[in-house]
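What follows is one structure encoded as structure tokens, with my remarks underneath.
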Amino acid sequence: MLHDINLHIGVGETHVLMGPNGSGKTTLLRTIMGFAGLEVTEGSITFKGQDITHLPIHERAHLGMGMQFQRPPTIAGLKLGKLLQVTSGGNTQMVGESAAYLRMDALLDRAINQGFSGGEIKRSEVLQLMVQKPDFVMLDEPESGVDLENISLIGNAIARLLDKDVHIVNRKRSGLVITHTGYILDYLDADFGHVMCDGVFRCHGNPREILKVIKTSGYKECLVCQKI
Amino acid sequence: MSEDIDRMADLSEQDQERLAQTGLEVDLKNRSGSFFQVDQDIKQAASLEKGIEVLAIADALEKYDWLQEYSWKLVPRDKDQYTRYVAGQPEPNGFVVIARKGSRTVYPLQACLFLARSNVQHVHNIVIAEEGAELHIISGCASASYAKTGSHLGVTEFYIGRNAHVTSTMIHNWGDEISVFPRSASVVEENGAFLSNYVCMQPVKRIQMSPVAYLKGKNSVGRFSSIVVSTSGSYMDLGSVAHLLAEGASAELLTRAITTGGYIVSRGMIEGQVRNTRGHIECKGLILRDGVIHAIPEIKGDVVDTELSHEAAVGKIARDEIEYLMSRGLSEDEATATIIRGFLDVKITGLPDVLQKQIDAAIDAAEHSGF
């Protein structure tokens, strides 16, 4: 499904991944996270100098990887607050502060994603990542289906996740963000952009300039572009 | 052995632990009363609460002539071979609880039926909640760690009066060679509510029951919840039946069943017999290791304006749920246990906290033994 993927994300860098629906963006994220049903047939995935190509998902998480799901499953009976207690190692204060920041306090006693609105699902995902504190965050369309008020809330939270409040020299956390609209770029100052079509990278460059081209000419320009 | 046991505290530490897993307290700290029967010997029948009587059934029948009107009226003596056996005993055993008009218990009353040496333990219980009474009963049934074989035959008749509210929570902890045949029935009067909860997460050879509720008062409510885990070699045939017999009556039958190799038949039957009644059956099953879950929900509407529905699902733990939790750092085993825990976590409305905690503790115990 994916071919010739050559991607290097340095410490403190934020990369943006764009591309038409079905081009393989989510598949790339899921492959990096290690989900079942996706097999790396050639090459390898390296994280913090370690070959993780065949590591199980939770060991990748322990190494410092985290992922925001576009459509996370509902887990009946498992309260959001309970999961956060577990993933935070029992740090009730941190859970409380993060939940308050994302205005999720009232939902901590609800089963994860059960009856959550679109915006609540996104906030729940970002909240889980805030508590998990990954060094490398993968975000799958964090702004889709979110209203304007919530976009700034989620955008600022993600900026924190990616150390955007830390001087660029000291920034430690990295990210790979899928976006269609580019709204999230208003909060992130992404460093690099990539365009994927049919499972292949078609373009690498400045994320804002790439977005500008896509906005005016669509992805058809990328398909014929010989720049890469 | 049984004749040496006069109080729960006389049991071995191991057997006290087995009873604790059924939600019983040896020190009765959070209890409003207690009944304790070992095999056929009644060791204790006492109430700590005003307005509530706890009696051995033989004493109660002697004390109150009117009680005859309540004995074998909901469960027919000749219903099956088990009821015939219990009815045929020259010396009846079991308890009678009478919650007088308007009485309320803060703490539940506990009934402990302990099978030690007998081959057959038989009990006949009658529970009467008079008008406006609120009563919570927790029945813990267990067999001694040294009891390898045996049967428990229990008949219970519940009478829930007008505006009365009764919860009956039964937690079982039998052995893998013990057979259990509870036979119970209830009648609920106007605005009364009967909540029956059943939990069994430990091995049992065979259990078969199908309590019947007659919701004959206007706006009466019946709710049956079962949380069961069937291990290899266990056979469980569980069901509940509700008859909606008055306007506004409603019933809900809810089951969470897990098999790790055992056989579960989950039945449910609601019959809407008059107008303006509602009923719903929900059965969810998880097959963790090859075993059987056979869900048989039945609904029967006899008139217009009765609304009945059912949903049943049997399956496995979804892979995407496990991977979702793994991406948060939980190992596959931890993720699986967490999802199972959530699956069984049925919050039962109207149940006192102390009883919900007992149910949670039973789930914890099963979780720690790895289901």
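The values are calculated or read from the model by the stated rules, or taken from the named source; none is laboratory data. Predicted model only: the values in this text are computed from it and were never measured. Cβ: placed from backbone, ideal geometry, glycine included. Neighbour counts: every protein chain shown.
Listed values, structure above:
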quantity	calculated
Residues located in segment B:232-258, provided they are more than 19 Å from the chain's Cα centre (by Cα) and over 29 Å from B:E307 (Cβ atoms)	B:S232, B:G233
Where A:G115 falls short, out of the listed (1) more than 20 Å from the chain's Cα centre (by Cα); (2) closer than 24 Å to B:D333 by Cβ; (3) part of a loop (DSSP other than H, G, I, E, B)	(2)
Strands (runs of 3 or more DSSP E) (entirely within segment B:196-289) containing at least 2 residues that are in contact with a Pro (Cβ under 7 Å, 6 or more places away or on another chain) and of a type in the set (A, V, I, L, M, F, W, C)	B:277-289
Any chance B:D15 is under 28 Å from B:G161 (Cβ atoms) and assigned to a helix (DSSP H, G or I)	no
Meets criteria (surrounded by fewer than 20 Cβ atoms within 10 Å (Cβ to Cβ), in the same structural domain as B:E17 (by TED's automatic domain parsing) and part of a strand (DSSP E or B)) for B:S179	yes
From A:I184, A:I168, A:I158, A:I178, residue being surrounded by fewer than 21 Cβ atoms within 10 Å (Cβ to Cβ) and of a type in the set (A, V, I, L, M)	A:I168
Residue selected from segment A:23-50 under the condition part of a loop (DSSP other than H, G, I, E, B), surrounded by 12 or more Cβ atoms within 10 Å (Cβ to Cβ) and among the β-branched types (V, I, T), by the criterion farthest from the other protein chains (Cβ to nearest Cβ)	A:V40
Within segment A:80-95, considering residues that are outside any helix (DSSP H, G or I) and closer than 10 Å to A:V131 by Cβ, the one farthest from the other protein chains (Cβ to nearest Cβ)	A:N91
Scan of segment B:102-127 for residues that are surrounded by fewer than 24 Cβ atoms within 10 Å (Cβ to Cβ), free of Cβ contacts under 8 Å to residues at least 60 places away in the same chain and closer than 19 Å to B:F194 by Cβ, ordered by number	B:G102, B:S103, B:R104
Flag if A:G77 is more than 19 Å from the chain's Cα centre (by Cα), buried (at least 18 other Cβ atoms within 10 Å of the Cβ) and within 11 Å of chain B (Cβ to nearest Cβ)	yes
So A:D109, is it more than 10 Å from every other protein chain (Cβ to nearest Cβ), among the charged types (D, E, K, R), within 18 Å of the chain's Cα centre (by Cα) and on the phi < 0 side of the Ramachandran plot	no
Residue match in segment B:345-357 (condition: modelled with pLDDT under 95, surrounded by 14 or more Cβ atoms within 10 Å (Cβ to Cβ) and within 10 Å of chain A (Cβ to nearest Cβ))	yes
Looking only at segment B:293-351, and only at residues there that are assigned to a loop (DSSP other than H, G, I, E, B) and basic (K, R), the one that is nearest to the chain's Cα centre (by Cα)	B:K347
Qualifying residue in segment B:262-279 (condition: hydroxyl-bearing (S, T, Y) and within 21 Å of the chain's Cα centre (by Cα))	yes
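Conditions (1) at positive phi; (2) of a type in the set (G, A, S), marked per residue:
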position: B:Y235; (1), (2): no, no
position: B:L238; (1), (2): no, no
position: B:A242; (1), (2): no, yes
position: B:A249; (1), (2): no, yes
position: B:L254; (1), (2): no, no
position: B:T260; (1), (2): no, no
position: B:Y263; (1), (2): no, no
position: B:E271; (1), (2): no, no
position: B:N276; (1), (2): yes, no
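Every residue, every condition in (1) in contact (Cβ under 8 Å) with a residue 40 or more places away in the chain; (2) within 14 Å of chain A (Cβ to nearest Cβ), yes or no:
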position	(1), (2)
B:Y263	no, no
B:G272	no, no
B:R275	no, no
B:K284	yes, yes
B:D290	no, no
B:G301	no, no
B:G315	no, yes
